Amino acid sequence: MGMNTVRRVLVTGALGQIGSELTLGLRDRYGADNVIATDIQPDATKKLSSQVPFALLDVTKQENVEEVITKYRVNAIYHLAALLSAVAEKKPRDAWEINMKGLICVLDAARAGKCSVFFPSSIGAFGPSTPLNGTPQDTIQRPESMYGVTKVAGELLCDYYFKRFGVDTRGVRFPGIISNGTLPGGGTTDYAVEIFYAAIKQKRYTCFLKEGTSLDMMYMPDAIKAAVSVMEADPGRLRHRNSFNVTAMHFTPEVLAAEIKKHIPDFAMDYRVDPMRQRIADSWPNYMDDSAAREEWGWHPDYDLAAMTEDMIAVLTRKHQEGLF
Ligand code: NAD
């Protein structure tokens, strides 16, 4: 995309945890008329459709993706629609259909419509044979979850469309995303969001991952910043494209609980381990090395554990007082 071209952005899966906030971030940056939110479900609460144009779109329908791109003269796509890790384990065939067919439909439509594409990969693209401490940018990727299979294949497919067809594909490997807007859609890191709602509402939380399980995490404002920055990065500086490791913090459940206790002293946590999600978490990095993103497009997060926790508690306490949960 030329430097002076106005970005006209399509967001798929826009009603999800990330999409519902990224869409508003994109609107603030590029203007409400230049962002088109889409999802397979209608926007029942009008959360986005009162802010930006909204259309129903099933990403597995090639023609529909192309129609929306043409109708709204889109030149950049944030492709977020997917099934997440815990859901994909329960419905592997659906995960393949939505995550892979959805992606190839978007890539072919992008090729035809000359659009750039943002594809969010995940820490789920790693597996038990990956070095899990300081996980390098370029390393072994043999995930054993269905979600991971689709994310590695997605990274490769995006690279393929760039090299073979010149589609400007870019992306990051997101860690667990912590947010206070839309609830997470069934991932392995969801505990790090649920814990805040539970701490504020009942001062107790039962964690589905066991003590000592270290995972990378990021607060939503940083996730939005990463997605926008990588898409706006000078292509001449990019040696990688579709799978930049990005992280902001890593912690275990007990470390997060201790941080919350600084604000809510009588908070208590116990454990009831979900073996499926524990197995997935154990196969993901304890912490990643994100120096490639820092070097190639200036990535740096704004929120560490303390700053994220303080903000989450402030926002959710207000929402709880307003009777929103
Ligand atoms: P989510 O589950 O909250 O939202 C996904 C959205 O996609 C939902 O609104 C759903 O209705 C929609 N959708 C499902 N099938 C569709 C279809 N066929 N066509 C169109 N829309 C469809 O997910 P999220 O947490 O917002 O994640 C967005 C992306 O980021 C996904 O690709 C996910 O793998 C990736 N990611 C998320 C995290 C995280 O912690 N949330 C971490 C790493 C990567």
| Single condition Arg170 does not satisfy, out of (1) assigned to a strand (DSSP E or B); (2) within 13 Å of the ligand (Cβ to nearest atom) | (2)
| Residue satisfying all of: in segment 25-54; buried (at least 20 other Cβ atoms within 10 Å of the Cβ) and in a helix (DSSP H, G or I); nearest to the ligand (Cβ to nearest atom) among these | Leu26
| Selection within segment 251-306 - hydroxyl-bearing (Ser, Thr, Tyr) and over 20 Å from Lys201 (Cα atoms) | Thr252, Ser283, Tyr287, Ser291, Tyr303
| note | Heads up, the helices (runs of 4 or more DSSP H) in segment 59-105 (entirely inside) with at least 3 residues that are within 12 Å of the ligand (Cβ to nearest atom) are 62-71, 85-90
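So, in segment 55-99, exactly how many residues are closer than 30 Å to Asp282 by Cβ and not charged (D, E, K, R)? Spell out how you get there, then give the answer.
Just the residues of segment 55-99 that are closer than 30 Å to Asp282 by Cβ, to begin with: 79-99.
Keeping just the survivors that are not charged (D, E, K, R) gives 79-88, 92, 95-96, 98-99.
Residues flagged as closer than 30 Å to Asp282 by Cβ and not charged (D, E, K, R) within segment 55-99 amount to 15.
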| Extreme residue, surrounded by the most Cβ atoms within 10 Å (Cβ to Cβ), among residues of segment 164-208 that are over 19 Å from Tyr287 (Cβ atoms) and of a type in the set (Gly, Ala, Ser) | Gly171
| message | Suppose the filter is over 25 Å from Arg93 (Cβ atoms) and assigned to a loop (DSSP other than H, G, I, E, B); does Thr189 pass it? | response | no
| Among residues of segment 143-167, those that are more than 16 Å from the ligand (Cβ to nearest atom) and not in a helix (DSSP H, G or I), counted | 3
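Laboratory data are not the source of any read-out in this text; all were calculated from the coordinates shown. All of these numbers come straight from a predicted model, not from anything done at the bench. Cβ: placed from backbone, ideal geometry, glycine included. Neighbour counts: every protein chain shown.
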